[in-house]
Amino acid sequence: MGKVAFLFAGQGAQHPGMCADLIESEPAAKAVFDAADAVRPGTTEQCLSGTKEELSQTINTQPCVFAADLACARALAAHGVTPDVVAGFSLGEVAALTFAGAYTDEQGFELVCHRAELMADAAEKNPGAMRAVVKLDAATVERLAAEAGDAWPVNYNSPLQTVVAGTPEACEKLDLLVKEAKGRAMKVAVSGAFHSPLMADAEKGLAAYLADGHAPAEPSVPVLANRTGEAYPADEAARVELLSSQVANPVQWVRTLENMSADGVDTFIEVGPGKTLTGLVTRTLEGVTALPCETAEQLEAVLAALAEKGE
């Protein structure tokens, strides 16, 4: 019998009405949103009724997606689904750590709110942009980013999709280089050059916050880190370094998925809004099951699929 992984969605997956029917139908999901509202009043209402523009602001995106991610995972857990391993894409890593017991729901929510502020401030001080490059392998994208100047590969999403972050000027130069190389560069709707050296101030601020009594506890379920694609270690100082440095370093998502697969995971459940990670799984791995779980209908489909597989 294969293993099950939960994948926690990241920034960019947000949309108006996130988790609306789960909040109504699943008490475990509603409890997460209630906890979020206690820390940051109005979060539930923002998820349900916020405009696309409002939800796209980093200061709002991260708390809302975190709450949606965790609510979906808790709903699955309430139905007896226990993952063997978890991982989260970018901000989803905080939700994954929280689900795995490294933080209480309130602590995780406070952390993600602070993280959002730090990253928004860094983006304002160091304006940047991001491009999703497709149809080219990672090595080619790395070479083109270096040619473009202040641009860096930051999200290794799938074998033929790598996201680059950099200054606006470098990203415009990258567009031309990618076109010449017969690839395609698409603008990413974000407000900064996340996971790049332009986030150095956010990394410093987050390191100080984590060191000041907010270090993650050792997770009760293996959490694969974005930076390494490997499980968070037992050493607390190492966990702090991994989590703080994540904001200014690449997300090694391909490595994460490949390591999960090599460890026997054959069912990947995306928790949170959208289907982005489900798509990345199917474009990276063969012979596995990948299912989104944001709505009540999707929750039922996941439960049915697991029952059929005997998991």
**Item:** The one condition in (1) in a helix (DSSP H, G or I); (2) without any contact (Cβ under 8 Å) to a residue 24 or more places away in the chain that PRO233 fails to fulfil
**Value:** (1)
**Fill in**
Within segment 275-293, residues open to solvent by less than 30 Å² (accessible area, probe 1.4 Å) and in a strand (DSSP E or B) come out as ALA290, PRO292, CYS293
**Request:** Please identify the pairs in which a residue from segment 294-311 that is under 14 Å from GLU270 (Cα atoms) and open to solvent by 60 Å² or more (accessible area, probe 1.4 Å) has its Cβ atom under 7 Å from the Cβ atom of a residue that is part of a helix (DSSP H, G or I) and modelled with pLDDT of 95 or more, counting only partners at least 6 apart or on another chain.
**Result:** none
**Message:** Restricting to segment 172-197, name every residue that is open to solvent by less than 30 Å² (accessible area, probe 1.4 Å) and either out of contact with any helix residue (DSSP H, G or I) (no Cβ under 8 Å at 6 or more places or on another chain) or not hydroxyl-bearing (Ser, Thr, Tyr) (or both).
**Reply:** LEU174, LEU177, VAL178, GLY183, GLY192, ALA193, PHE194, HIS195
**Message:** Tell me the residue from TYR232, TYR209 that is surrounded by 17 or more Cβ atoms within 10 Å (Cβ to Cβ), of a type in the set (Phe, Trp, Tyr), touching a strand residue (DSSP E or B) at 6+ places or on another chain (Cβ under 8 Å) and within 16 Å of VAL94 (Cβ to Cβ), please.
**Reply:** TYR232
**Message:** Cβ-Cβ under 9 Å, sequence separation 6+ or interchain: first residue in segment 275-288 and touching a residue at least 24 places away in the same chain (Cβ under 8 Å) and more than 16 Å from LYS3 (Cα to Cα), partner open to solvent by 80 Å² or more (accessible area, probe 1.4 Å) and aliphatic (A, V, I, L, M). Which pairs?
**Reply:** ARG283/LEU160
**Item:** Where a residue in segment 99-126 is part of a helix (DSSP H, G or I) and its partner, wherever it lies, is among the acidic types (Asp, Glu), with Cβ under 6 Å and at least six apart
**Value:** ALA122/ASP201
**Complete:** Scanning segment 150-171 for residues that are open to solvent by 60 Å² or more (accessible area, probe 1.4 Å) and in contact with a strand residue (DSSP E or B) (Cβ under 8 Å, 6 or more places away or on another chain), the one nearest to ASN259 (Cα to Cα) turns out to be LEU160
**Asked** Among all residue pairs at least 6 apart or on different chains, which show Cβ distances below 8 Å where the first residue, located in segment 32-45, is closer than 18 Å to THR104 by Cα and in contact (Cβ under 8 Å) with a residue 60 or more places away in the chain and the second is in a helix (DSSP H, G or I) and open to solvent by 50 Å² or more (accessible area, probe 1.4 Å)?
**Response** VAL32/ARG74; ALA35/GLU106; ALA38/GLU106; VAL39/GLU106; VAL39/GLU110
**Prompt:** Restricted to segment 60-104, and to residues that are of a type outside the set (Val, Ile, Thr) and open to solvent by 50 Å² or more (accessible area, probe 1.4 Å), which residue is nearest to LYS275 (Cα to Cα)?
**Reply:** ARG74
**Asked** Scanning segment 43-59 for residues that are surrounded by fewer than 22 Cβ atoms within 10 Å (Cβ to Cβ) and under 17 Å from the mean Cα position of the chain (by Cα), which turns out nearest to SER244 (Cα to Cα)?
**Response** ILE59
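Restricting the search to segment 256-274, which residues are on the phi < 0 side of the Ramachandran plot and surrounded by 19 or more Cβ atoms within 10 Å (Cβ to Cβ)?
Listed by number, the residues that qualify are THR256, LEU257, MET260, SER261, VAL265, THR267, PHE268, ILE269, GLU270, VAL271, PRO273.
The values are calculated or read from the model by the stated rules, or taken from the named source; none is laboratory data. From a predicted model like this one, the values you see are computed outputs, not experimental measurements. Methodologically, a virtual Cβ is constructed for each residue, glycine included, from the backbone with ideal geometry; neighbour enumeration extends over all protein chains shown. For the accessible areas, the whole protein counts, side chains as well, though only heavy atoms, and no ligand, DNA or RNA atoms are used. Shrake-Rupley method; radii C 1.70, N 1.55, O 1.52, S 1.80 Å.
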